[in-house]
Structure formats: structure tokens, C-alpha cells
1. Can you go through Asp165, Asp160, Asp130 and tell me which one is of a type outside the set (Ser, Thr, Tyr) and not in a helix (DSSP H, G or I)?
2. How many residues does the stretch 137-184 hold that are within 21 Å of Thr75 (Cα to Cα), open to solvent by 40 Å² or more (accessible area, probe 1.4 Å) and touching a Pro at 6+ places or on another chain (Cβ under 9 Å)?
3. Working only within the stretch 19-46, note down all residues that are within 15 Å of Val106 (Cβ to Cβ) and either out of contact with any strand residue (DSSP E or B) (no Cβ under 7 Å at 6 or more places or on another chain) or among the β-branched types (Val, Ile, Thr) (or both).
4. Which of the residues belonging to the stretch 89-103 are within 16 Å of Val188 (Cα to Cα) and either surrounded by 20 or more Cβ atoms within 10 Å (Cβ to Cβ) or charged (D, E, K, R) (or both)?
5. So, in the stretch 121-134, exactly how many residues are farther than 19 Å from Ser78 by Cα and open to solvent by less than 30 Å² (accessible area, probe 1.4 Å)?
6. Looking only at the stretch 27-46, which residues are open to solvent by less than 50 Å² (accessible area, probe 1.4 Å) and farther than 30 Å from Arg84 by Cβ?
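The values are calculated or read from the model by the stated rules, or taken from the named source; none is laboratory data. All of these numbers come straight from a predicted model, not from anything done at the bench. Glycine gets a Cβ as well: all are built from the backbone with ideal geometry, and neighbour counts include every protein chain shown. Surface areas here come from the heavy atoms of the whole protein model, side chains and all, with no ligands, DNA or RNA. Shrake-Rupley method; radii C 1.70, N 1.55, O 1.52, S 1.80 Å.
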Amino acid sequence: MLVLLGDSTAVGIGDLVPGGWRGFGPILSSAYSDNGYRNYAASGARLADVRRTQLPQALRDKPSAAVVIAGVNDTLRSDFSVRRMHEDLDHVCRELIAAGVAVVTVRFHDQGRVFKLPGRLRRVLKDRIDEYNRVVDVVVARHGVRCVDLHTMPGAYELDTWAVDRLHPSERGHRMLARAFAAELRAVGLQFGDVSLECSGGRELTVWHHMAWLMLKGIPWLWKRGADLLPLLWADESAEAIGPVPGEVFPADTGRL
């Protein structure tokens, strides 16, 4: 069985089909010979939610494969703590691996390049993403977790990879994720077939859709989130850096993000 844990991207938001959100989950599941599938992701979820709520549910299913996508919502909060994120992600991956589950997660891209955030806010959020990606590197190396780097994924910064909100993948973006996850899970011996990038059934978007969303919903969303985001504009320092973990060596920063 394949299980999904995480936030709104794992829910499938951005890939709207008749009946609701689809996303990479069903697409990836259809390429798996096992073909069992459960999605425990929730829109707005943080890593702590994955650890406390979604993980216990998923473990009861005795899955053979798991995709974990979370962390972005943590980076958008005023109580951002890279140390807590490390503890939560490490716990989730450790428990899944101990249960014999093949796990794949992600390193995140520079979201400011897609969403076109104001300069100072983009830099602060990019710093947070960089910090979290270093956590991902440590956890991946420690537990042998597979990982997809969204920053280096071909087409990651093309407009049609993203839904109208520019925060969630479009149908094409979700198919790209499903294909990348399938390749990582095949690498550990699971029977995942190839995933087509040919779109069918999803909503087609134009540049005008993106512009209209930004004006009518995107800017109001930023204003609503002001209590968390605006203090970042005059913060002198980025959030706390995670210190060395005993017995672990942090990978060198590649400078890719």
C-alpha cells in the first residue's frame, strides 16, 4: 500500500478534476503494482501535524511505500523553528523506516521565484527554505530516505507547472511529482511503472488566470497572513539554525537554492 502524508500539495490542491482535487497521489498509485492507496494529508498541515496525527494512522495501514511532503507551512509562521522541524521530520522518517516502509520526501524550491514575493520577504523565506532543506539532507542521509529535489527538477520554474495560485502544482506539476516519486521508489525495488506527463482532465490555465488570481486572491491572502509574514520584513536575523547532531555531519551547502 502507498500512503501520503503532508500538506495541501499532497492533498492534491492545484489539480482540479470533476469531483474535486486529484493530485499526484492517485496518479502515482495507479502506477504501483500493489495499487492500495490512502491519503492522510491535510491542507495547512505542519510537520508536527504529520507526526502527531497522520503518522499513527498511516502506520496502522502497514504500507510498503510513503510519500512525505510538509514543511512549507512551518516556514510561513512566526513561530518557525528549524530545530522542531528537524525533530518532527526525523521522527516521521525513523518510524516509517523502522516499520519497513520505503520513504520518499522532497527538498523544496525557491517559492519566491514562482510567487513573485516582495524582495525582503522573498529573501527571508528563501533563507528558511534553505535551512529546512539542510534538515532534509541530514534526515535523508541518516535514514536512507529517497528524496526529490524540486529546485533541480526539470520544468520546476515554468509557469504551466503551477496552478493559478502559484503555490500548488498544476496537473502537469502533479504529474511531474508522481513521475519523480515513482523513479525514486523504483530505485529501492518497488514495482512502480512510468508516469505520463500528458495532461487529461485537469483545468487549463492562461497567463490571465494567474494575473487575476494574484490581484483578487493572492494579495488579499498575503494581507490576511500579515500577522505572521510582515514581521519578517524587518527581522534582523533568520530563524535559529539547527546545531550539529551528535554523530552526524551536515552535508556541504551546494548553493543550489
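1. Answer to the check: Asp165.
2. 0
3. Listed by number, the residues that qualify are Gly23, Phe24.
4. Cys93, Leu96, Val101, Ala102, Val103
5. Residues in the stretch 121-134 being farther than 19 Å from Ser78 by Cα and open to solvent by less than 30 Å² (accessible area, probe 1.4 Å): 0 in total.
6. Matches in the stretch 27-46: Ile27, Ser29, Ala31, Tyr32, Gly36.
Rundown of residues vs (1) modelled with pLDDT of 95 or more; (2) more than 14 Å from Leu150 (Cα to Cα), yes/no style:
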position: Pro169; (1), (2): no, no
position: Glu184; (1), (2): yes, no
position: Leu190; (1), (2): yes, yes
position: Gly201; (1), (2): no, yes
position: Leu216; (1), (2): no, yes
position: Ile219; (1), (2): no, yes
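To keep it simple, each residue is scored yes or no on (1) touching a strand residue (DSSP E or B) at 6+ places or on another chain (Cβ under 6 Å); (2) assigned to a helix (DSSP H, G or I); (3) open to solvent by 50 Å² or more (accessible area, probe 1.4 Å).
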| site | (1), (2), (3) |
| --- | --- |
| Ala10 | yes, yes, no |
| Ala48 | no, yes, no |
| Arg51 | no, yes, yes |
| Lys62 | no, no, yes |
| Asn73 | no, yes, no |
